[in-house]
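S.K.: Structure in structure tokens, see below.
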Amino acid sequence: MLRLVAQRAVALGRQVAHGDFSPIGATSYTIQVYDGDILVARYYNSKPKFHECDVLLCPPGLERFGAFNTRHVQEIFDIGYREASAHLGAIEAALEAIVS
């Protein structure tokens, strides 16, 4: 997410690494492969921009979920919320630095 504030930007980023791809069925396997492709493309497109982030969040535990995981939305949200809450001071400091 990139938010423009007072002529400067504060970038908040997130990167997720996924685990094993084990085929359960043809459709499931295809989704897992496609999910892996998205992960690799997203990583290589995002990595050069990491240095532009004022705060980069990498919540542990998200590696268990894929881009198409809809069954664990609340758990995914909770993991991200806890990570953002834990780094709220750094986020506020980054925002304060550009406002003042």
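S.K.: Can you name every residue in the stretch 67-94 that is more than 11 Å from the chain's Cα centre (by Cα), outside any helix (DSSP H, G or I) and under 22 Å from Thr30 (Cα atoms)?
M.R.: Phe68, Asn69, Thr70, Arg71, His72
S.K.: Of everything in the stretch 43-60 that's under 11 Å from the mean Cα position of the chain (by Cα) and part of a loop (DSSP other than H, G, I, E, B), which residue is surrounded by the fewest Cβ atoms within 10 Å (Cβ to Cβ)?
M.R.: Pro60
S.K.: Looking only at the stretch 44-73, count how many residues are hydroxyl-bearing (Ser, Thr, Tyr) and touching a residue at least 24 places away in the same chain (Cβ under 8 Å).
M.R.: Total satisfying the criteria: 1.
S.K.: Let me ask something else about it. Could you tell me whether Ala9 is aliphatic (A, V, I, L, M), outside any loop (DSSP other than H, G, I, E, B) and at pLDDT 90 or above? Reasoning before the result, please.
M.R.: On the way: aliphatic (A, V, I, L, M): yes; outside any loop (DSSP other than H, G, I, E, B): yes; at pLDDT 90 or above: no.
Considered against the rule, which asks whether it is aliphatic (A, V, I, L, M), outside any loop (DSSP other than H, G, I, E, B) and at pLDDT 90 or above, Ala9 comes out as no.
S.K.: Cβ contacts < 6 Å: first residue closer than 15 Å to Phe65 by Cβ, restricted to the stretch 25-43; second residue exposed (fewer than 12 other Cβ atoms within 10 Å of the Cβ) and at pLDDT 75 or above, any location; separation 6+ or different chain. Result?
M.R.: That search, which allows pairs on different chains as well, returns Ile31/Phe68; Asp35/Phe68.
S.K.: Still on this structure, I have one more. Is it fair to say Gly89 is of a type outside the set (Lys, Arg) and modelled with pLDDT of 85 or more?
M.R.: Values: of a type outside the set (Lys, Arg): yes; modelled with pLDDT of 85 or more: yes.
When the stated conditions are applied, Gly89 passes them.
S.K.: Among the residues in the stretch 53-62, are any of a type outside the set (Phe, Trp, Tyr) and modelled with pLDDT under 80?
M.R.: The answer is no, given that none of the residues of the stretch 53-62 is of a type outside the set (Phe, Trp, Tyr) and modelled with pLDDT under 80.
The values are calculated or read from the model by the stated rules, or taken from the named source; none is laboratory data. Since this is a predicted model, take the numbers as computed values, not measurements. Every residue, glycine as well, gets a Cβ built from its backbone with ideal geometry; the counts of neighbours run over all protein chains shown.
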